[in-house]
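Read the structure below first, then the notes.
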Amino acid sequence: MRGVLGKSRKMICSLLSQAPVSPAYYYRSSPSIYKPKPSNRFSWGFLAPIPSPAIRVFCSKPGEVGELMASSVQNQGSISYLTQREAAEVDETLMGPLGFSVDQLMELAGLSVATSIAEVYKPSEYNRVLAICGPGNNGGDGLVAARHLYHFGYKPFVCYPKRTQKPLYSGLVTQLESLSIPFLSADELPMDLSKDFDILVDAMFGFSFHGAPRPPFDDLIKKLINLHYYEQAQQKSPVIVSVDIPSGWHVEEGDVGGDGIKPDMLVSLTAPKLCAKKFSGPHHFLGGRFVPPAIAEKYKLQLPQYPGMSMCVRIGKPPQIDISALRENYISPEFLEEQVEADPLDQFRRWFDDAMAANLKEPNAMALSTTGKDGKPHGSEIRALRAPAPNGILKKIWELFKLWLNFLKNFAFPSTKYDIHACYLSSSRMVLLKGVDKDGFVWFTNYESQKARQLSENPHAALLFYWDGLNRQVRVEGSVEKVSDEESEQYFHSRPRGSQLGAIISKQSTVVPGRHVLHQQYKELEEKYSKESLIPKPKYWGGYRLKPERFEFWQGQPSRLHDRLEYSPQETDGKRVWKIVRLAP
């Protein structure tokens, strides 16, 4: 009937999405970006929908930097499929000896359906959703999905022609009515659903249904079938999302006559049913993360691994995608000159607070770009130039090569900056911001790493923060210097003990024979310092501070008319002030 999802923040993403967090949750005046400020994070103003980008971040970006909700694609042939009898037995076991209630399973199933939809069909393009709900548990899944879709930023409508008077279902209806979600009767629906809706959720009948659909569901199923013919006539058609079983299909044999509903997405629950093997649409998801070992062993279930804290996993290969056609039409508030802070560090703190309040994963992650000693925008020396110095005949060839370069530089092309460093490449990597104050941005690393060598040659760098859920990025450029030994020492000992040991072991950017070597060294260090309360900081580890000399704040906008405000310093009456200009998108 439905899937059961693991205990994680994903299980309550609807509740958290309803609870706005004040940007003041973190002290703006604190020198550390990690000092929490006590706050009542929940509010009774939870009935308003929140912007969809933040929901996509919360529901689609679990504990992986980047693991997306459906980023794990499973081979369809390696997954188990349930018969109708097995599916019923699994449900009975879940709601019997395993202690799950119907409303728990229904909540988890509806949430997995909603997050699957949000993963593929973004509300900026597919906003109007009609959930067609039957009288049983499958219909209850649809009602729950409609509630979550509302909070995800969609505009749901519900057709629930045969209401069940049980308290569970009455409560779901009350919840939807409290959100002012419209209920439409079957008679109020147009014959052609393609004009009024972008997504149709088929939640009429599940695997326990027997016999032929009775009115008004027979006509509703025909309306969904007719959409296939509109599509063949090259008319715009809404996508169909079926919950567990496409209504009208045989649970095991599928669309027997070949003229049934042809959904674009199927969200199987707990485990796919046999009919799912006949599904040929582009998107097949599985929701139902928590399957107890006893059930898996009894039915010999082979189920996919859910990445991170994901609620759903894609089954089979995703559709072929034209990369050049991938685009996002950003919907964001305007970013105007008269609204920004005069000091770019204050503006950065405002945006950082917003990223924290939106519950983005690792908002302090930043791309650090460095250059080599030539000072060009392509900094790291290619590995070929790091080879041992040539000798013998190779040495003579190398000397001739340098003479030839010198000739090109001074005689053949005197205006061209040809030199031995012309083979330098760019060098960028992700690091974590660990402090921001009036003096700049701080991070910590190994002083013998590649980036450290480059910074010793050319103490200038660029930082890039990207906050996808808010359609924002910040670029910072400036000079770099090491922080004091005291500051490095203090931060080193604030880290978890395992991280301290890892910093000692890691000779960053050097070749390691294998991961087993790191584990062995870690074990040895762990034993060495097992009786020591304080692990000494290695001399080759510490922090850097970038003192900003230029900022750019970028806010995505519709039609690529993005907001870009640049801060650059200038002298006014002997004082350093920041000049703000708008750049073309």
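Tabulated results
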| item | result |
| --- | --- |
| Proximal aspartates and glutamates relative to residue 507, as straight alpha-carbon distance under 12 Å, when same-chain residues fewer than 8 apart are discounted | 448 |
| Hypothetical label at residue 191: residues of the range 233-265 whose amide nitrogen lies under 19 Å (7 Å Cα-Cβ projection) | 233-238 |
| Surface per residue (accessible, 1.4 Å probe) for the range 288-351, Å² | 60 Å² |
| Separation in nanometres of the label points that stand 7 Å from Cα toward Cβ, at residue 236 and residue 533 | 7.0 nm |
| Heavy-atom accessible surface of the range 426-534: percent carbon and sulfur, 1.4 Å | 50 percent |
| Added length on full extension, which subtracts the Cα-Cα distance from 0.36 nm per residue, residue 214 to residue 343 | 39.7 nm |
| Rounded to whole Hz, the Karplus (6.51, -1.76, 1.60) HN-Hα couplings of the range 346-354, x for glycine and proline | 5, 5, 4, 4, 4, 5, 5, 4, 4 |
| Amide proton proximity set for residue 372, modelled H, under 5 Å, gap of 5+ | 378, 379, 380 |
| Net charge dipole size for the range 241-333 [Lys, Arg +1 and Asp, Glu -1 on Cβ; Debye, nearest 20] | 300 debye |
| Cα-based reach from residue 195 at 20 Å (exclusive), listing aspartates and glutamates while leaving out same-chain residues under 8 positions away | 125, 187, 219, 231, 264 |
| Projected label distance in nm at residue 518 and residue 80, using a 7 Å step from Cα toward the beta-carbon | 3.5 nm |
| Length added when fully stretched, residue 401-residue 540, from 0.36 nm per residue minus Cα-Cα | 46.4 nm |
| Gain in span if fully extended, residue 89 to residue 329, counting 0.36 nm per residue against the direct Cα distance | 81.8 nm |
| Estimated vicinal HN-Hα couplings, Hz - the range 254-261 in sequence order (Karplus 6.51, -1.76, 1.60; Gly, Pro = x) | x, 7, 4, x, x, 10, x, 4 |
| Alpha-carbon centroids, the range 522-575 and the range 435-499: separation in whole Å | 3 Å |
| Average accessible area per residue (Å²) across the range 246-285 - probe 1.4 Å, nucleic acids and ligands excluded | 35 Å² |
| Long-range amide H partners of residue 201 with built H, under 5 Å | 130, 131, 132, 241 |
| Reachable aspartates and glutamates, given that their alpha-carbon falls under 16 Å from the alpha-carbon of residue 361 and they are not under 8 places away in the same chain | 64, 67, 353, 468 |
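The values are calculated or read from the model by the stated rules, or taken from the named source; none is laboratory data. Nothing here was measured: the structure is a model prediction, and the numbers come from that model. Heads up, the Cβs are rebuilt from the backbone with ideal geometry, glycines too, and the neighbour counts pull from every protein chain shown. These accessible areas exclude ligands, DNA and RNA; they are computed on the full protein's heavy atoms, side chains included. Shrake-Rupley method; radii C 1.70, N 1.55, O 1.52, S 1.80 Å.
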